[in-house]
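Submitted below is the structure of interest, expressed as structure tokens.
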Amino acid sequence: MCGPAKTDLVKEIGADHVLDHTRAEVTDGGRRYDLVVDTGGHRPLRLLRKALAPRGTLVIIGSETGGRWFGGIDRQLRASLLSPFVGQKLAMLVSTEKADDLRALTELVGAGTLTPAVDRTYRWPPPRPPCGT
Ligand SMILES: NC(=O)c1ccc[n+]([C@@H]2O[C@H](COP(=O)([O-])OP(=O)(O)OC[C@H]3O[C@@H](n4cnc5c(N)ncnc54)[C@H](OP(=O)(O)O)[C@@H]3O)[C@@H](O)[C@H]2O)c1
């Protein structure tokens, strides 16, 4: 799932089937997925589970809402607590940058197996501000 501006890009990097989140819901089309990764969608746990196969895996990455008690990770916590009692595996992920992982990714990019989508580039070092500012 992605916004309308990214549909072509997402197809280009390998998606067979793309849903525009401004028009469709993750459950639309009645498909059930083996793996659902929710990065920025902030869809309710109930809907994410509905989109998931009976023995599928859900990984919640982000979309924290800054809630009062749990900093907005209530969904992640509910998923982790529920997981042992249902057939689906419901998990959250907190990323850490490891040199070995980055090396493995670099190798995949070098081999052409993985194509990074570069949104924009910046000059480094950045240009110096004009004198007197
Ligand atoms: N767990 C961790 O370790 C970890 C690490 C880093 C970040 N995070 C969290 O991960 C989230 C994403 O980070 P980010 O830096 O990528 O945020 P971002 O730059 O704000 O991107 C979020 C994207 O989600 C897309 N989106 C919104 N609703 C969607 C939906 N229903 N379905 C599919 N896509 C949807 C939007 O894409 P369009 O522009 O196409 O609409 C938006 O560009 C944040 O909540 C961040 O806090 C977690």
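The values are calculated or read from the model by the stated rules, or taken from the named source; none is laboratory data. For clarity, every value in this text was computed on a predicted model and none was experimentally measured. Cβ: placed from backbone, ideal geometry, glycine included. Neighbour counts: every protein chain shown.
Within the bounds of the stretch 113-132, is there any residue that is among the charged types (D, E, K, R), away from the ligand (no atom under 16 Å from the Cβ), farther than 24 Å from Cys2 by Cα and part of a loop (DSSP other than H, G, I, E, B)?
Yes: the stretch 113-132 contains one or more residues that are among the charged types (D, E, K, R), away from the ligand (no atom under 16 Å from the Cβ), farther than 24 Å from Cys2 by Cα and part of a loop (DSSP other than H, G, I, E, B).
Condition first: more than 9 Å from the ligand (Cβ to nearest atom) and either of a type in the set (D, E, K, R) or touching a Cys at 6+ places or on another chain (Cβ under 6 Å) (or both). Now tell me which residues in the stretch 53-77 satisfy that.
Once the filter is applied, which keeps residues that are more than 9 Å from the ligand (Cβ to nearest atom) and either of a type in the set (D, E, K, R) or touching a Cys at 6+ places or on another chain (Cβ under 6 Å) (or both), the stretch 53-77 yields Arg55, Arg68, Asp74, Arg75.
In the stretch 9-62, which residues are exposed (fewer than 11 other Cβ atoms within 10 Å of the Cβ), more than 17 Å from the chain's Cα centre (by Cα) and in a strand (DSSP E or B)?
Pro54, Arg55 - these are the residues of the stretch 9-62 that are exposed (fewer than 11 other Cβ atoms within 10 Å of the Cβ), more than 17 Å from the chain's Cα centre (by Cα) and in a strand (DSSP E or B).
Are any of the residues in the stretch 78-96 surrounded by fewer than 13 Cβ atoms within 10 Å (Cβ to Cβ), on the phi > 0 side of the Ramachandran plot and out of contact with any helix residue (DSSP H, G or I) (no Cβ under 7 Å at 6 or more places or on another chain)?
No.
Which one of these is of a type in the set (Val, Ile, Thr), in contact with a helix residue (DSSP H, G or I) (Cβ under 9 Å, 6 or more places away or on another chain) and under 28 Å from Phe85 (Cβ atoms): Ile60, Ile73?
So the residue among Ile60, Ile73 that is of a type in the set (Val, Ile, Thr), in contact with a helix residue (DSSP H, G or I) (Cβ under 9 Å, 6 or more places away or on another chain) and under 28 Å from Phe85 (Cβ atoms) is Ile60.
Further question on the same structure: Can you tell me how many residues within the stretch 80-104 are under 25 Å from Ala15 (Cβ atoms) and either in contact with a Gly (Cβ under 7 Å, 6 or more places away or on another chain) or at pLDDT below 95 (or both)?
4
Identify all residues within the stretch 78-112 that are free of Cβ contacts under 8 Å to residues at least 40 places away in the same chain, closer than 27 Å to Ser63 by Cβ and outside any helix (DSSP H, G or I); write none if there are none.
Val86, Gly87, Gln88, Lys89, Ala91, Met92, Leu93, Val94, Ser95, Thr96, Glu97, Lys98
Same structure again: Checking the conditions here, which among Gly71, Gly110, Gly67 is within 25 Å of Asp8 (Cα to Cα) and either out of contact with any Phe, Trp or Tyr (no Cβ under 6 Å at 6 or more places or on another chain) or of a type outside the set (Ser, Thr, Tyr) (or both)?
Answer to the selection: Gly110.
Tally the residues that are within 15 Å of the ligand (Cβ to nearest atom) and among the polar types (S, T, N, Q), restricting the search to the stretch 88-112.
Counting residues in the stretch 88-112 that are within 15 Å of the ligand (Cβ to nearest atom) and among the polar types (S, T, N, Q) gives 2.
Would you point out the residue of the stretch 20-40, among those that are in contact with a strand residue (DSSP E or B) (Cβ under 8 Å, 6 or more places away or on another chain) and not acidic (Asp, Glu), that is nearest to the ligand (Cβ to nearest atom)?
His21
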